[in-house]
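Novice: Can you keep this structure in mind? I'll have questions shortly.
The values are calculated or read from the model by the stated rules, or taken from the named source; none is laboratory data. Small disclaimer: the values here were computed from a predicted structure and weren't measured. All Cβ positions, even for glycine, are placed from backbone atoms using ideal geometry, and neighbour counts span all protein chains on display. The accessibility values were calculated without ligands, DNA or RNA, using every heavy atom of the protein model including side chains. Shrake-Rupley method; radii C 1.70, N 1.55, O 1.52, S 1.80 Å.
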Amino acid sequence: MENQNIEREPSSMKNSQNKNNNFMIPLAIIIGGVIIAVSVIYSSGNSASNLRTAGVANIKESNTEPQRAESATINNIRPVTDKDHILGNPNAQVMVVEFSDLECPFCKSFHPTMQQLIDEYGKDGRVAWVYRHFPLDSIHSKARKEAEATECAGELGGNTKFWAYVDRLFEVTPSNNNLDLGELPNIAEFVGLDRTRFAQCLDSGKYAQHVADDLADATSSGGNGTPYSVVIAPNGKKFAISGAQPYASVKSVIDIALQEK
Amino acid sequence: MSSSMHSNFIQTILEAGQKVFSAPSYAITAVALAVAAFLFAVWLPNIGLVTDVFTHSSAPIGEKLRLAVTLLGGIRTNFSFLSATYTILIALLFGMNIAMIAYYLKQRVPVLRRENFFAGIFGIASGVLGVGCAACGSFILTTTLSFIGASGALALLPLKGGEFGILSVILLGASIYLISRKINDPLICPPR
């Protein structure tokens, strides 16, 4: 039946149909290519280069996530000061500012990578690790409170206890928002802090603004996921590393940054 | 899918695959495209870093190449098992799909059905949405949804956007099956 119908079509119509169909394949490839190109330009625009600016990604519906800056560039990153949590030499040639979410499984797996980096480059003072908060509220609603907990640890026990608290929290959390917040005072006790004073600090919410400021810094400097690390070379040049990249890659970026004098 | 349908599906693709990939040029095309798609997916989260280092850093070229190569290790550290699996599958199916379409065109078979066209397009499109490192919140999809003000919707998905990667594998598989059926069709004129 179908063949009969085809037979009845005038030959000019068949030719035109065939031509249209032949156009479909190249068109499919072109459309696919365009989709890929637009997606890449749009998504990578927010990260990495210190020489480019990115488009606006306006997160309208979430009140807990900050509005992205008009042009999020790596150069917007807040300068490292003595108010930061720094592991290693505060005057190191290279600073690695890590924006991290305590409930992100990739931040958890990246934590030992950073520790290895400090073992290799931190002991002689060439590299230091700066920790800033980047809680992703839309997927990890507990991360913000946990970030505040680390700040309380810092207030009660100084920089050493801050880092000890972060280490322990990453050790015990199953990630993906699965840590019971009731564990936070236990972690404080484990690292040697006064449980009662820690709980008072945490309940006061006094570090909520500090965490919010770090988060705003992360997004305005191009972070669009965690972990997000900014490597600052001796000449001020900045390199962004997105995600939990292998140690060899981080080491490679550090070696490149150390040559930027 | 019943076992007979399943074996028919595999059989159709294997038959067409034998025809297409016995020619080295199509096999090479498929492998080259699959490798390119894989590199694209793994480098994507740090494409800015790679570009920046290669264009604006004074480091020796060896250092730059080392960075590009080591970043490929991100498939192990920066992807979940699920996302690494579908990223590799999407790359392979993408290479196969394009090579088979090229073979099909070369045979000068005039009619490519609409369903194959749309399966291929949506397969590639959903692959693009699902791809990207699995590091928290950094899927292309997140950016795309943010643009339309629906980033919170991602939290409702059980795989947080990984669904698009799986959908892509299914659609590309369907596209390959449809093109395989056309390739297996004998090139004869229908009886009058």
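Novice: Label segment A:167-243 by shape, choosing from rounded, prolate and oblate, from the square roots a ≥ b ≥ c of the eigenvalues of the Cα gyration tensor; if a/c is under 1.5 it is rounded, and otherwise prolate applies when a/b is larger than b/c, oblate when it is not.
Specialist: Prolate shape, in that a/c is at least 1.5 and a/b is the bigger ratio.
Novice: Another question, if that's okay. Probe 1.4 Å, all protein chains in place: accessible area of A:Glu189 in Å², nearest 10?
Specialist: Per-residue accessible area (A:Glu189): approximately 100 Å².
Novice: Roughly how big is the B-A contact, given as buried accessible area in Å² (both sides, 1.4 Å probe, nearest 100)?
Specialist: Summing both chains' loss of accessible area gives about 4700 Å².
Novice: Would you tell me the accessible area of A:Val191, worked out with a 1.4 angstrom probe on the heavy atoms of the protein chains, in Å² to the nearest 10?
Specialist: Around 20 Å² of this residue is reachable by solvent.
Novice: In addition: Across the residues of A:249-258, average count of Cβ atoms on other protein chains within 10 Å?
Specialist: Across A:249-258, the average partner-chain Cβ count within 10 Å equals 6.
Novice: Note down the accessible area of A:Trp129, probe 1.4 Å, to the nearest 10 Å².
Specialist: About 0 Å², rounded to the nearest 10.
Novice: Going 7 Å from the Cα of A:Asp203 toward and past its Cβ, which residues in segment A:155-191 have a backbone nitrogen under 20 Å from where you end up?
Specialist: What the label zone holds, given the 20 Å backbone N cut-off, is A:155-157, A:180-190.
Novice: Tell me, what ³J(HN,Hα) does each residue in segment B:73-79 have, in order and in whole Hz, if you take phi through Karplus 6.51 cos²θ - 1.76 cosθ + 1.60 with θ = phi - 60° and put x for Gly and Pro?
Specialist: Coupling constants for segment B:73-79: x, x, 4, 8, 8, 10, 10 Hz.
Novice: Taking loop as defined by DSSP and a crowding limit of 11 other beta carbons within 10 Å, which trypsin sites (Lys or Arg not before Pro) in segment A:122-185 fit?
Specialist: Taking segment A:122-185 and a limit of 11 other Cβ atoms within 10 Å, the loop trypsin sites (Lys or Arg not before Pro) found are A:Lys123.
Novice: Sort B:Ile170, A:Ile256, B:Ile90 by heavy-atom solvent-accessible area, probe 1.4 angstrom, most to least.
Specialist: Putting B:Ile170, A:Ile256, B:Ile90 in descending order of accessible area: B:Ile170, B:Ile90, A:Ile256.
Novice: Let me ask something else about it. Would you please classify the overall shape of segment A:69-109 from the alpha carbon gyration tensor, given that a ≥ b ≥ c denote the square roots of the eigenvalues, rounded means a/c under 1.5, and beyond that prolate means a/b larger than b/c while oblate covers the rest?
Specialist: Taking the square roots of the gyration eigenvalues as a ≥ b ≥ c, segment A:69-109 is oblate.
Novice: Whenever you get a sec, line up B:Phe94, B:Phe79, B:Phe54 from highest to lowest accessible area (probe 1.4 Å, protein heavy atoms).
Specialist: B:Phe54, B:Phe94, B:Phe79
Novice: Once both labels are modelled 7 Å past Cα along the beta-carbon direction, what's the B:Leu82-A:Asn235 spacing in nm?
Specialist: Here the modelled spin labels are 4.5 nm apart.
Novice: Moving to a separate point now. Expressed as a whole number of Å, what is the distance separating the alpha-carbon centroids of segment A:126-167 and segment A:231-261?
Specialist: 22 Å
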